[in-house]
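Some notes on the structure that comes next.
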Amino acid sequence: MNIFRFAGDMTHLISILVLLLKIYATKSCSGISLKTQELYALVFLTRYLDLFTDFISVYNTIMKLVFIASSLAVVCCMRMHRVVRRSYDKDLDTFRHYFLILASFVLALLVNEKFTFQEIFWAFSIYLEALAILPQLVLLQRSGNVDNLTGQYVFFLGAYRAFYILNWIYRYFTEQHFSRWIACVSGLVQTVLYADFFYYYFISWKNNAKMQLPA
Amino acid sequence: KASSKVKDEL
């Protein structure tokens, strides 16, 4: 464990807490893409298949359980909760995310560390996570204005993978045989996809104005 | 060697 990875995990945790706060405090999921939440639930379920077989550390196991439980809780809440579900922007959240799942799975079959069940699903989860934010970014683009908590949620979600890139660079120079090029390339793509969001987020922060995405 | 084999990251 290094400071970059710990900072990344904490940033990721903060993004989830901000999302839960937004839904719980405002009893509304307006501006949140259910499709992105479903993709993230799939990412965690397919990435942590080794949850009960490979014990890494207490921290690792607890974080995996938190990520799986929180992503499933948000999906269930957005689908089932009678008050929250009414605020879901159903007609704005129309990204065809099944294509993202299909593309990630095909790529995982072609590009993986080893052609085994666990490695293919791990690569699938890495590729899918890089693309999972697209429905959310499209939804924000369409809805135009971004409420504070939603903006912070997306910001922290994008920032965590940037910390992981620093972690991979650090581990590359400090550990022999360390090679995570699948995660690293995918993490780079993932962070770049947030570039324009980060730009408009920074502008709104500098002008202390409400965040506006160009329609 | 073990560390790079086992997926020790989240």
Checklist line | Candidates A:Lys64, A:Lys35, A:Lys22, filtered to the one that is in contact with a Phe, Trp or Tyr (Cβ under 9 Å, 6 or more places away or on another chain), over 26 Å from A:Arg142 (Cβ atoms) and modelled with pLDDT of 95 or more | finding: A:Lys64
Check: Just checking, which of A:Tyr172, A:Tyr153, A:Tyr164, A:Tyr194 is free of Cβ contacts under 8 Å to residues at least 40 places away in the same chain, of a type in the set (Phe, Trp, Tyr) and within 26 Å of A:Tyr127 (Cα to Cα)?
Finding: A:Tyr172
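Residues are listed down the side, and each one gets a yes or a no for (1) among the hydroxyl-bearing types (Ser, Thr, Tyr); (2) within 14 Å of chain B (Cβ to nearest Cβ); (3) touching a residue at least 24 places away in the same chain (Cβ under 8 Å):
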site: A:Val18; (1), (2), (3): no, no, yes
site: A:Val43; (1), (2), (3): no, yes, yes
site: A:Lys64; (1), (2), (3): no, yes, no
site: A:Cys76; (1), (2), (3): no, no, no
site: A:Arg79; (1), (2), (3): no, no, yes
Next item on the list: Give me a count of the residues in the stretch A:61-112 that are loosely packed, with under 15 Cβ neighbours inside 10 Å, under 18 Å from the mean Cα position of the chain (by Cα) and part of a loop (DSSP other than H, G, I, E, B).
Entry: 1
Next item on the list: Considering each of A:Ala132, A:Ala183, A:Ala159 in turn, give the residue that is in contact (Cβ under 8 Å) with a residue 12 or more places away in the chain, away from chain B (no Cβ under 14 Å), among the small types (Gly, Ala, Ser) and within 21 Å of A:Ile3 (Cβ to Cβ).
Entry: A:Ala159
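The values are calculated or read from the model by the stated rules, or taken from the named source; none is laboratory data. No experiment lies behind these values; they were computed from the predicted model shown. Methodologically, a virtual Cβ is constructed for each residue, glycine included, from the backbone with ideal geometry; neighbour enumeration extends over all protein chains shown.
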